[in-house]
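Inspection log for the structure reproduced underneath, given as structure tokens.
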Amino acid sequence: MKKDVKIEMEDELRPEYNLRELLEGGVRGKYAERYRAGTNLVLLAPDVAEAFPTEEAVNQALRLVMELTKLPSRKKRGIAKKKETLPTSAESS
């Protein structure tokens, strides 16, 4: 035998608003696509998430990578300098 237990909740909703009617025509996920379009969520691998535990840590690391890609490669600069200093066959004869 089940006992009917009614728990009275303090309701701040005005009496003229019927919650059942308000939720009746609702569509689940109606705005989900629009929301996803405005966000970039990325799932990190567990080892990466451990190394970068916060959103800010990930952002700082990615900004550093972006800055480093803008720098010219040292190897290219070093090779160019060596070519300038090497004597050519015309100069040595």
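Net charge within 15 Å of residue 20 by Cβ-Cβ distance, Lys/Arg positive one each and Asp/Glu negative one each, not counting residue 20 itself?
Net charge around residue 20: -3.
Report the full-extension gain for the segment residue 24 to residue 55: residue separation times 0.36 nm, less the Cα-Cα distance, to one decimal in nm.
Taking residue 24 through residue 55 to full extension adds about 7.4 nm, to one decimal.
Laboratory data are not the source of any read-out in this text; all were calculated from the coordinates shown. Just so we're clear, the structure is a prediction, and the values are computed from it rather than from any experiment. Please note: Cβ atoms are built from the backbone with ideal geometry, for glycine as well, and neighbour counts cover all protein chains shown.
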